[in-house]
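So the structure is just underneath, and the comments pick up after that.
No value in this document is a laboratory result; all are computed from the given coordinates. Keep in mind it's a predicted model, so treat the numbers as computed, not measured. FYI the Cβ positions are ideal-geometry reconstructions off the backbone, even for glycines, and counts take in every protein chain you see.
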Amino acid sequence: MEITIKEQENKGFAIAREDNKRAGLMTYSIAGKDHIIIDHTEVDPAFKGRNIGKQLLYKIVEMAREKNIKITPICPYANAQFKKLTDIQDVLRK
């Protein structure tokens, strides 16, 4: 599984691919130089049960830590994960 992050203008996204097929996507809006808002997560049904959403989230969290960015999760999936996973709450915007 390869996960890449791309940004274009005021939007960003993490894409998970396996064998040139898109497994999942998590999008975010760039709200400032030190703040992003995760707004959408989708996983291809063929990849359900493989923690693709969680892998995408961890990739964005890794990027946020490197760039000293805080995250506001408005996507229901990302919001639920932030509440559950204490190891990523350091990047949560209070």
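Within the stretch 15-37, the residues that satisfy the criterion of being in contact with a helix residue (DSSP H, G or I) (Cβ under 6 Å, 6 or more places away or on another chain) and closer than 15 Å to MET63 by Cβ are ALA16, MET26.
Set side by side, the residues TYR28, TYR58 differ, and just one is of a type outside the set (Val, Ile, Thr) and in contact with a Gly (Cβ under 6 Å, 6 or more places away or on another chain), which is TYR28. The set of residues from the stretch 28-47 being in a strand (DSSP E or B) and either among the charged types (D, E, K, R) or more than 15 Å from ILE69 (Cα to Cα) (or both) comprises ASP39, HIS40, THR41, GLU42, VAL43.
Within the stretch 31-55, the set of residues being within 14 Å of ASN79 (Cβ to Cβ) and either in contact (Cβ under 8 Å) with a residue 60 or more places away in the chain or among the basic types (Lys, Arg) (or both) comprises just one member, LYS54.
Residue count for the stretch 12-49 under the criterion of being surrounded by 21 or more Cβ atoms within 10 Å (Cβ to Cβ), closer than 11 Å to GLU2 by Cα and not hydrophobic (A, V, I, L, M, F, W, C): the result is 1. Screening the stretch 58-88 for residues that are under 9 Å from the mean Cα position of the chain (by Cα) and either part of a loop (DSSP other than H, G, I, E, B) or in contact (Cβ under 8 Å) with a residue 40 or more places away in the chain (or both) and picking the one that is surrounded by the fewest Cβ atoms within 10 Å (Cβ to Cβ) gives LYS59.
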